[in-house]
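J.: Before I ask anything, let me first share the structure, which is written out below as structure tokens.
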Amino acid sequence: MDKLVTMLDEWLVKKAPFQLPENGKKGLVTALPWIALVLGILELFAAWGLWTLATFTSRITDAVNQLSAYGYTSPVSATVGPVIWLSLIIVLAEAVMFLVAFAGLKAHKKSGWTMMFWISLLNIVYAVVYLFVNQSIFSLLMSLVGSVIGLYLLFQVRSFYGAGDAKPVVKK
């Protein structure tokens, strides 16, 4: 993992054609914990909505299947596939990761930054997996562009987070 971080640091910070100004970096470092907290809460709501939708669809499917035992056939077949459950797991994992990252980001600890990095990687993996379901290259490209922008911003402020969790680099 260190090799990936080193390579991304090289491309997104040292060789980047544009560096965020110091005030912009400080502003992002100040806002990042709150962004993580809000995104964590929003993802919890999204996970709840996805779970509600999946269980509702499962109940409908069960009802239609029970009616088919009496000779009724439906022109529409609704099933909840493994991608929905995978999506639910990923959204819930991201929500928890965002909420866990909040304290570390607020204290300028490396662990908070690292958690945000893992969330970014999880988003990239999910975008690639989702390509096989959605079969939309446009969706994959937009996800990748968003991930690169997020990683760029994350790496631009990496120096503000301590090498370890003992001492924060930036004091308030």
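J.: Residues that are buried (at least 18 other Cβ atoms within 10 Å of the Cβ), part of a helix (DSSP H, G or I) and modelled with pLDDT of 95 or more: does the range 160-172 have at least one?
T.: Yes.
J.: Out of (1) modelled with pLDDT of 90 or more; (2) in contact with a Phe, Trp or Tyr (Cβ under 9 Å, 6 or more places away or on another chain); (3) in a helix (DSSP H, G or I), what's the single condition that is false for A16?
T.: It is condition (3) that A16 fails.
J.: Here's another thing I want to ask about it. Given the conditions (1) closer than 28 Å to L99 by Cβ; (2) surrounded by fewer than 16 Cβ atoms within 10 Å (Cβ to Cβ); (3) not hydrophobic (A, V, I, L, M, F, W, C), which single one is not true for T61?
T.: Checking T61 against (1) closer than 28 Å to L99 by Cβ; (2) surrounded by fewer than 16 Cβ atoms within 10 Å (Cβ to Cβ); (3) not hydrophobic (A, V, I, L, M, F, W, C), the one that fails is (1).
J.: Taking the range 47-74 only, how many residues are modelled with pLDDT of 80 or more and of a type in the set (D, E, K, R)?
T.: Matching residues across the range 47-74 total 1.
J.: Checking the structure you have, find out if any residue of the range 29-39 is more than 16 Å from the chain's Cα centre (by Cα), part of a helix (DSSP H, G or I) and touching a residue at least 40 places away in the same chain (Cβ under 8 Å).
T.: Yes: the range 29-39 contains one or more residues that are more than 16 Å from the chain's Cα centre (by Cα), part of a helix (DSSP H, G or I) and touching a residue at least 40 places away in the same chain (Cβ under 8 Å).
J.: Whether any residue in the range 111-126 is under 17 Å from A47 (Cα atoms), surrounded by 18 or more Cβ atoms within 10 Å (Cβ to Cβ) and β-branched (V, I, T) is what I want to check.
T.: yes
J.: Condition test on I84, is it assigned to a helix (DSSP H, G or I) and either at pLDDT below 80 or within 19 Å of V133 (Cα to Cα) (or both)?
T.: Numbers: assigned to a helix (DSSP H, G or I): yes; either at pLDDT below 80 or within 19 Å of V133 (Cα to Cα) (or both): yes.
The answer is yes for I84.
J.: Let me ask something additional. Can you tell me how many residues in the range 127-138 are among the hydroxyl-bearing types (S, T, Y) and surrounded by fewer than 17 Cβ atoms within 10 Å (Cβ to Cβ)?
T.: Count: 1.
The values are calculated or read from the model by the stated rules, or taken from the named source; none is laboratory data. Predicted model only: the values in this text are computed from it and were never measured. Quick reminder, even Gly has a Cβ in these numbers, built from the backbone with ideal geometry, and neighbours come from all protein chains shown.
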